[in-house]
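Asker: Got a structure for you, written out below as structure tokens; questions coming shortly.
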Amino acid sequence: MDIIEAVTDRQTQIAILAAVATAATALTLIGPLLQTDPMRERAKRVADYKENLRQQSRAELHQEAKGPSLRNAAAQGLGRQIVEQFKLFELFDAEGARKKLVMAGMRGERPVFTFMLARVVTPVGAMLVAAFYVYVLEVGDLGSFMRLMATIGALFIGYYLPNVYVTNAIQKRQQKIQLAFPDSLDLLLICVESGMSIEAAMQKVTEEVASNCPELGEEYGLTTAELSYLQDRKMAYANLGERTGVEGIKAVVTALIQSETYGTPLGQSLRVMAAENRELRMQEAEKKAAALPPKLTVPMILFFLPVLFVVILAPGAITAMGTKEDQTQQTAEVDAGG
């Protein structure tokens, strides 16, 4: 009762609203100072990737010169041995998980280890939380069988949660890349037709696109780094298609590989690909617009139609009630006079 009286007190409500407004104002003023520049982090990531490629190239040359080293091999396999003790790579598809994480923008070995650990920890955590709610707190009037089913259901949900999170991240990233990719192709076409090499053109496009779509700028930057350090340039183009998973980029990658292999002119191919990707973007927008009316059916039935019925029928109902009251009053007066 004391808590209810404190919450319903006018002065307490004013104090709470003032505190919330003060906190929101402070967060608004301090928020921009605490934000980090995402482009700086992405540029650092690309620079680290270039450095790793450089070190791998030097290590391969050193390995070819001096032969295999058992010490280096043991040092490189130490992290994998730790993971293999729990047999997570055998239990789950490590290579498929690595490809999905790369498509989601998570590169390196740490995201793979984190994902593998989440595939084991999340189901157990979800099951423990569900068991705590249904057995200890006894939330809901559930029988023993329903409690068991709720616990098992939480276990299955926790098992699929990491995959759902990664898939959602992939879809969001691909949508952002697909929206900005046709414009980047136009910029790449202008740079190539002006006489720039494909590496310099991609570097220029990276600088121009990074402000609008950091994800696409990062992919162009990684491709530029791979073109500089990989021995097979076609592998750099193929990696671009695998990292993004966007069909339009895969078609452009095929054109780039053909140009690299057979020496076909690149300008005309880029022009056609830019028009096709722009058409795909327009078709995607039209598809979303066409899918909007069916999606609005349920909200209209639940929220709009009841309000319309109230607005339309309320005046008639009020008039009918008033007429009925008048008739009742007249009948009462007639009875009193008689």
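The values are calculated or read from the model by the stated rules, or taken from the named source; none is laboratory data. Predicted, not measured: the structure shown is a model, and the values here were computed from it. For neighbour counting, all protein chains shown are included, and Cβ atoms are generated from backbone atoms with ideal geometry for every residue, glycine included. Surface accessibility is based on the protein's heavy atoms, side chains included, excluding ligands, DNA and RNA. Shrake-Rupley method; radii C 1.70, N 1.55, O 1.52, S 1.80 Å.
Asker: Just reorder Asp183, Asp93, Asp141 by solvent-accessible area, largest first, 1.4 Å probe, all chains present.
Answerer: Accessible-area ranking of Asp183, Asp93, Asp141, largest first: Asp141, Asp93, Asp183.
Asker: Which whole-number value in Å³ per residue fits the convex hull of the alpha carbons of the stretch 132-212?
Answerer: Expressed per residue, the convex hull around the Cα atoms of the stretch 132-212 is 135 Å³.
Asker: Send over a whole-number figure in Å² for the accessible area per residue of the stretch 189-338, probe 1.4 Å.
Answerer: It amounts to 62 Å² per residue over the stretch 189-338.
Asker: Dipole size in debye (nearest 20) for the stretch 187-338 around its Cα centre, Lys and Arg Cβ +1, Asp and Glu Cβ -1?
Answerer: The dipole of the stretch 187-338 has a size of about 400 debye.
Asker: What is the percent carbon and sulfur in the accessible area of the stretch 208-338, measuring with a 1.4 Å probe over the protein chains and ignoring ligands?
Answerer: Taking all protein chains in place, the stretch 208-338 shows 64 percent carbon and sulfur surface.
Asker: Averaged per residue, what accessible surface does the stretch 111-187 expose to a 1.4 Å probe, in Å²?
Answerer: Dividing the accessible area of the stretch 111-187 by its residue count gives 60 Å².
Asker: Note down the accessible area of Tyr133, probe 1.4 Å, to the nearest 10 Å².
Answerer: My reading of the accessible area for Tyr133 is about 110 Å².
Asker: Between beta-carbons, use under 14 Å as the cut-off and find the net charge around Thr244, counting Lys and Arg +1, Asp and Glu -1.
Answerer: Cβ neighbours under 14 Å give a net charge of +2.
Asker: With every protein chain in place, what's the accessible area of Phe303 (1.4 Å probe, Å², nearest 10)?
Answerer: 140
Asker: With the Cα gyration tensor of the stretch 175-232 giving a ≥ b ≥ c as the square roots of its eigenvalues, does the rule (a/c under 1.5 for rounded; else a/b larger than b/c for prolate; else oblate) give rounded, prolate or oblate?
Answerer: oblate
Asker: In debye, nearest 20, what is the charge dipole magnitude of the stretch 109-242 about its Cα centre with +1 on Lys and Arg Cβ and -1 on Asp and Glu Cβ, if you could check?
Answerer: Using only the charged Cβ atoms, the result is roughly 560 debye.
Asker: Could I ask something else about it? Distance check, please: which entries in Lys234/Lys287; Lys100/Lys172; Lys100/Lys176; Lys172/Lys288 exceed 25 angstrom between their Cα atoms?
Answerer: Checking Cα-Cα distances, Lys234/Lys287 exceed 25 Å.
Asker: Give me the net charge of Phe181's neighbourhood, meaning all other residues with Cβ under 14 Å from the Cβ of Phe181; Lys, Arg count +1, Asp, Glu -1.
Answerer: -4
Asker: Here is a follow-up. Give the accessible area for Glu138 in Å² (nearest 10); use a 1.4 Å probe, count only protein heavy atoms, and leave out ligands, DNA and RNA.
Answerer: Spelled out: Glu138, probe radius 1.4 Å, area about 110 Å².
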